[in-house]
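Read the structure below first, then the notes.
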Ligand code: KIV
């Protein structure tokens, strides 16, 4: 990667050069700026913001207005990284709604969009790509389907799931996806997809063999001590450090003489 603005084509080309792709989420100006200064090629304004910023129980509650608000904040950092935003639940049910809502996210500052699903959304993907909007796929465990699926389950454990993942990934590539996130896909299936597809796979809880890895930044930084996840070991205990600093500052205020 050079100092030039990153495009979706540049992300796709990283696979050909065997360069691994490190992706994190950001939901506001300072985090986008910090991640960009660390040199990430792609930053995702994920709808995980519903859980890690807005306090919803899952991502199905996130609205277009909330996504636009956070995309605007992230875009004000003017990152060199490609800034991709999630289309929230039910915002891409039809070709028309997908295109209209993707255009709203682009107007807010996104340079590409991501949506969850495979064969069932290929017409929507074609419509967005034909209108010049770079599309990032998302297969495997789909958080927007957590209620109907009754939890967050690993995908690819049996042959029908394995075959469905292959077919969905092929369909997304054919429709024009520039890369595909694989969430909680079994590592052997993620490896097979990575070898099979001409576009990068970006894994989360999908083993080490994907072309890239993505994490929800507050999980990486240990900002959410109330939840623990199997696929991520925090590299910082930010929550503990924040509590300690705040306590210390509070005590220093209370110790001030009248
Ligand atoms: O919403 C999100 O942050 C995501 C990533 C976990 C890939 O979709």
Taking every pair of Cα atoms in the chain, average 1/r, invert it to obtain the Kirkwood radius, and report Rg/Rh to two decimals. 1.00
How would 29, 135, 178 line up from fewest to most surrounding beta-carbon atoms within 10 angstrom? 29, 178, 135
Write down the radius of gyration of the stretch 6-89 and its Dmax, each obtained from C-alpha positions, in Å. 13.3, 40
Work the Kirkwood hydrodynamic radius out for the stretch 185-224: mean of 1/r over every pair of different alpha-carbon atoms, inverted, in Å. 10.7
With both partners inside the chain, how many of the DSSP beta bridges are antiparallel, as a percent to the nearest 5? 5
Percent relative contact order for the chain, counting Cα pairs under 8 Å at least six residues apart, stands at 16
Compute the length gained on full extension between residue 252 and residue 69: take 0.36 nm times their separation in residues and subtract their Cα-Cα distance, giving the result in nm to one decimal. 62.3 nm
Have a look at the DSSP beta bridges in the stretch 23-166 and tell me what percent are antiparallel, nearest 5. 10
Among 234-240, 217-223, the order from most to least packed when residues are scored by Cβ within 10 Å on average: 217-223, 234-240
Going from the fewest other Cβ atoms within 10 Å to the most, one would list 113, 106 as 106, 113
Degrees, to the nearest 10: 187-196 long Cα axis against longest axis of the chain: 50
Row for the stretch 1-144, column shape: gyration tensor on C-alpha, a ≥ b ≥ c, rounded if a/c < 1.5 i.e. under 1.5, prolate if a/b over b/c, else oblate; value oblate
Quick one: angle between helix 159-175 and the longest Cα principal axis of the chain, in degrees between 0 and 90, rounded to 10, please. 90
Ratio for the stretch 127-258, C-alpha Rg to 2.2 N^0.38 Å, reads 1.45
Counting only helical runs of four or more DSSP H residues, what would the 222 nm mean residue ellipticity of the chain come to if each run contributes -39,500 (n - 2.57) and the total is spread over all its residues? -12500 deg cm²/dmol
Name the residue, out of 57, 88, 188, whose mean-square fluctuation peaks in a Gaussian network model built on the chain with Cα pairs under 10 Å. 57
Taking Cα atoms, the helix 64-75 axis meets the longest principal axis of the chain at an angle in degrees (rounded to 10) of 70
With viscosity set to 0.692 mPa s and temperature to 37 °C, compute the Stokes-Einstein D of the stretch 55-128, Rh being the Kirkwood radius across alpha carbon pairs; µm²/s, no decimals. 260
Whole angstrom only: what separates the Cα centroid of the stretch 212-233 from the Cα centroid of the stretch 72-89? 20
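Laboratory data are not the source of any read-out in this text; all were calculated from the coordinates shown. A quick note: this is a predicted structure, and the numbers were derived from the prediction, not measured. Backbone-built Cβ (ideal geometry, glycine too); neighbour counts: all protein chains shown.
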